[in-house]
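Just below is one structure, and these are the notes that go with it.
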Amino acid sequence: MTPYSLAFYLDVVTHGTVLGAPPTATPEQVTEALGTDYAENSLHPTQMWRDYGLAEFSWQRASPDRPWTGHHFTLQVHRLAGGGGKVAGERLRSRYGRFDRRLRFEKLRRLLERRGTPLVEVPEYPSQSAHYRVYWQPDSQVSVRVIRAHGRYATPDDLRVGDVYHILAPMTHGEVEWRTSHPW
């Protein structure tokens with residue numbers, strides 16, 4: 001992995017933004033940060049997400065005549081394994097360079113700790129816990145999902161144990177508290 005693309009992941013986990021766009025950004029703010037090369041999806045007039053390849057931003061609104069409110073973003077890191085670095089999109093590549101097909105969690109974790117940005121493991125949902133682990137950065141409220149074990153139809157075949165599957169924000173303190181105290 002080039003140091004530049006690794007710097008992208010470090011920035012996202014540390015700051016909770018993608019090129020400065022937080023999960024609460026409006027569609028216009030995300031377009032300003034990531035550009036116009038996206039696929040827009042909507043299953044209902046009150047929900048929408050834009051797929052930028054590696055990054056996805058999601059919005060919701062109370063009714064079709066109300067403005068969009070940012071809900072979350074997800075970096076679909078697993079897509080790089082099958083699609084290569086171009087999945088990252090032009091804006092990310094022009095700023096951070098080449099993206100490797102895999103992001104090794106231990107390397108990311110070690111570099112984050114050197115920055116003073118530790119990750120804490122939180123419980124994964126029972127239906128996913130055999131195959132994934134989840135780590136959380138309390139200050140930025142970013143979570144990192146990592147392959148724990150391979151499972152047919154549960155994990156991508158082209159990822160290895162210890163690879164990052166996705167990075168998501170926000171994972172709120174309330175959700176972490178619920179996951180931690182919930183009797184599975």
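The values are calculated or read from the model by the stated rules, or taken from the named source; none is laboratory data. Small disclaimer: the values here were computed from a predicted structure and weren't measured. Methodologically, a virtual Cβ is constructed for each residue, glycine included, from the backbone with ideal geometry; neighbour enumeration extends over all protein chains shown. For the accessible areas, the whole protein counts, side chains as well, though only heavy atoms, and no ligand, DNA or RNA atoms are used. Shrake-Rupley method; radii C 1.70, N 1.55, O 1.52, S 1.80 Å.
Below is a table of values for the structure above.
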{"quantity": "Qualifying residues in region 105-130 (those that are open to solvent by 70 Å² or more (accessible area, probe 1.4 Å) and closer than 18 Å to Ser5 by Cα) - the one farthest from the chain's Cα centre (by Cα)", "calculated": "Arg114"}
{"quantity": "Residue among Arg50, Arg102, Arg61, Arg133 that is of a type in the set (Lys, Arg), in contact with an Asp or Glu (Cβ under 8 Å, 6 or more places away or on another chain) and open to solvent by less than 60 Å² (accessible area, probe 1.4 Å)", "calculated": "Arg50"}
{"quantity": "Residues of region 105-123 satisfying the condition of being touching a residue at least 40 places away in the same chain (Cβ under 8 Å) and assigned to a loop (DSSP other than H, G, I, E, B)", "calculated": "Arg115, Thr117, Leu119, Pro123"}
{"quantity": "Test result for His78, open to solvent by 50 Å² or more (accessible area, probe 1.4 Å), touching a strand residue (DSSP E or B) at 6+ places or on another chain (Cβ under 9 Å) and not basic (Lys, Arg)", "calculated": "no"}
{"quantity": "Val87 being in contact with a Gly (Cβ under 6 Å, 6 or more places away or on another chain), not charged (D, E, K, R) and not in a loop (DSSP other than H, G, I, E, B)", "calculated": "yes"}
{"quantity": "Test: residue in region 78-94 that is among the β-branched types (Val, Ile, Thr), over 21 Å from Pro170 (Cβ atoms) and at pLDDT 95 or above", "calculated": "no"}
{"quantity": "Within region 23-47, considering residues that are surrounded by 19 or more Cβ atoms within 10 Å (Cβ to Cβ) and closer than 17 Å to Pro170 by Cα, the one nearest to the chain's Cα centre (by Cα)", "calculated": "Pro23"}
{"quantity": "Scan of region 32-72 for residues that are closer than 25 Å to Tyr96 by Cα, free of Cβ contacts under 8 Å to residues at least 12 places away in the same chain and polar (S, T, N, Q), ordered by number", "calculated": "Thr36"}
{"quantity": "Number of the exception - Gln141 against (1) polar (S, T, N, Q); (2) at positive phi; (3) open to solvent by 80 Å² or more (accessible area, probe 1.4 Å)", "calculated": "(3)"}
{"quantity": "Top-ranked residue in region 140-168 [being in a loop (DSSP other than H, G, I, E, B) and either touching a residue at least 60 places away in the same chain (Cβ under 8 Å) or touching a Cys at 6+ places or on another chain (Cβ under 6 Å) (or both); ranked as farthest from Thr24 (Cα to Cα)]", "calculated": "Asp158"}
